[in-house]
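**Q** Below is a structure I'd like to ask you about.
No value in this document is a laboratory result; all are computed from the given coordinates. The model shown is predicted, which means the values in this text are computed figures rather than measured ones. Neighbour counts are summed over all protein chains in view; Cβ atoms, including those assigned to glycine, are modelled from backbone coordinates with ideal geometry.
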Amino acid sequence: MLALDPRSYGNEKSAASLMEEVLILLLGCISNRGYKLTFESPKNDKLALFQHGERAFDHILLLPQKSKGTSSPANVDDFGLPNPGLGPALTPKLLVQFINQNGNILLTLSADYPTPTSISSLLLELDIHLPPDRDSLVVDHFNYDAASASEKHDVLLLPQGSRLRSDVKDYFGGDGTIAFPRAVAQELGNSNPLLAPVLRAKSTAYSYNPKDEADVVEDPFAVGEQISLVSSMQARNSARFTVFGSAEALENKWFDGKVKSVDGKDCKTANREFAKQIAAWTFMELGALKVGRVEHHLSSITGDAAGNDSVAQLGYLNPTIYRVKNEVTFNIEISEYSYDHLSHLKIDPSDALQLEITMLSPYHRLNLIPISQTPNSTTFSSTFKLPDQHGIFSFRVNYKRPFLTNVDIKREVTVRHFAHDEWPRSWEISAGWVWIAGVWITIAGWVAFVGIWLWSEPAYEQSKGKKMQ
């Protein structure tokens, strides 16, 4: 993992304080889970995200920075915009390339540290929008910490994240309260379906610039649940990018601190657990699916037992050719990575893992049901009859859900037509009995007619007179 060291940024005093507050517990927790940390300055000329065309690091943690950089050629990004404080190794193009090569990025923001132009350009490319005022923050006059923000109301008190949808597994939930100070608002666009909010502001929150001396905020950047405080994006290659809107929420005092709500109730923060969940998901410790055995075979349904027990395997595993209307069983084994071990995958009842039998377009789309389970995996299965169409078919499992790595498994098989000796005999088809009977009746009628015609010759009388000439 690469952690960009904020001590190298412009304001050494504030940056060193942030280093002490943020990294001690956050990176300590990450290091304890087996990661090897490398601290680098963005201005280091030797810093490179790639070596010999491959990623030099598995993950990147970007911390907020306060810089007095200029718009020198080395500090100009790929769009020709000033890139204060970030060197040429961290341009938007290189960061996107890092994601395209399965690298994961955890980006933290802070209202006290203006977001560099290069980071804003990167977020804009991913359809994540930040306030145009670089000093804007989120306030909530109804849900704040009365102990530390009794006047500014800029320390938000929020419940831990809830499910995005009923069919999406909750990796960020809990019963605790999260303290979110000096947060930067994010607004997610509609053109990127890969984005998903992790933590939203409440309906009474809004974003504004504290330097604005007006008594009334007339045109806020975003209000209520439009504001995403923690956003996530999982690319099509399952690489992950997370934007954490408050680096101060990772400070030591908020990890196990106590806050006081507006109604006077004291409670303990859940920032430590929430930060652990965010880091674990971003760095592929949660929600990472692994596909094990993928099998398909010819089968026979006995009907004597219920469920999968009535299916008997015929022939060998994974044949390359089947016949139309064959009974086939498809099995797939999937595991889910949970921190430091593999566990079995459990599909929510409102969701479904499906198998597609396709040739250009799906002929069948069937639910895969779990038939067996071990501590490390779950086996899903479905038995079906192949369509009455010969050609090249694919057995495909395409399972894509928010916060889960994508599963796209495809197995191609040939489906042939009936051989000449595999068609059922005519007398085995009840619908053909009428025609068979008609043929034999016709034959019998013709024989009877010929016999009657042959043995029914009329009698001729002999003439008594002589022929006259």
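**Q** For Asp127, Asp45, what ranking results if the residue with the fewest other Cβ atoms within 10 Å of its Cβ goes first?
**A** Going from least to most buried by this count: Asp45, Asp127.
**Q** Here is a follow-up. Binning at 5 Å from 0, report for the stretch 84-234 what percent of all alpha-carbon pair distances ends up in each bin.
**A** Spelled out per bin, shortest first, that is 2, 9, 17, 21, 20, 15, 10, 5, 2, 0.
**Q** Take Thr405, Thr108 and order them by how many other Cβ atoms sit within 10 Å, fewest up front. Present the calculation step by step, with values, prior to reporting the outcome.
**A** Numbers: Thr405 19, Thr108 24.
The order, fewest Cβ neighbours first, is Thr405, Thr108.
**Q** Relative contact order for the chain using alpha-carbon pairs under 8 Å, separation at least 6, rounded to a whole percent?
**A** Here the relative contact order equals 11 percent.
**Q** Enumerate the calculated ³J(HN,Hα) couplings along the stretch 105-117 in order (Karplus 6.51 cos²θ - 1.76 cosθ + 1.60, θ = phi - 60°), each rounded to whole Hz, writing x wherever the residue is Gly or Pro.
**A** 10, 10, 10, 10, 10, 8, 5, 7, 10, x, 6, x, 4
**Q** Could you give the dipole magnitude of the chain about its Cα centre, charging the beta-carbon of Lys and Arg +1 and that of Asp and Glu -1, in debye to the nearest 20? Could you put the intermediate results ahead of the total?
**A** Numbers: 45 positive and 54 negative charges, 347 e Å.
Once rounded to the nearest 20, the dipole reads 1660 debye.
**Q** Taking amide H atoms as placed 1.01 Å from N in the peptide plane, list the residues 5 or more away in sequence, or in a different chain, whose amide H sits under 5 Å from that of Leu353.
**A** Under 5 Å from the amide H of Leu353: Leu368.
**Q** Could you put His153, His52 in order, starting from the residue whose Cβ has the fewest other Cβ atoms within 10 Å? Intermediate results must be reported in sequence, preceding the final value.
**A** Numbers: His153 18, His52 5.
Sorted ascending by nearby Cβ count, the order is His52, His153.
**Q** Then there's this: How long are the semi-axes of the equivalent ellipsoid of the chain, taking √(5λ) for every eigenvalue λ of the Cα gyration tensor, in whole Å from largest down?
**A** Each semi-axis is √(5λ); the values are 73, 24, 23 Å.
**Q** Listed here are the pairs Lys268/Lys400; Lys152/Lys202; Lys36/Lys202; Lys253/Lys276; Lys268/Lys290; which of them are more than 27 Å apart at the Cα?
**A** Pairs exceeding the cut-off: Lys268/Lys400; Lys36/Lys202; Lys268/Lys290.
**Q** On to the next question. Quote the Stokes-Einstein diffusion coefficient, in whole µm² s⁻¹, for the stretch 288-416, based on the Kirkwood radius over alpha carbon pairs, a temperature of 20 °C and a viscosity of 1.002 mPa s.
**A** After rounding, the answer is 139 µm²/s.
**Q** Let me ask something else. In whole Å, how far is the Cα centre of the stretch 28-47 from that of the stretch 354-394?
**A** 44
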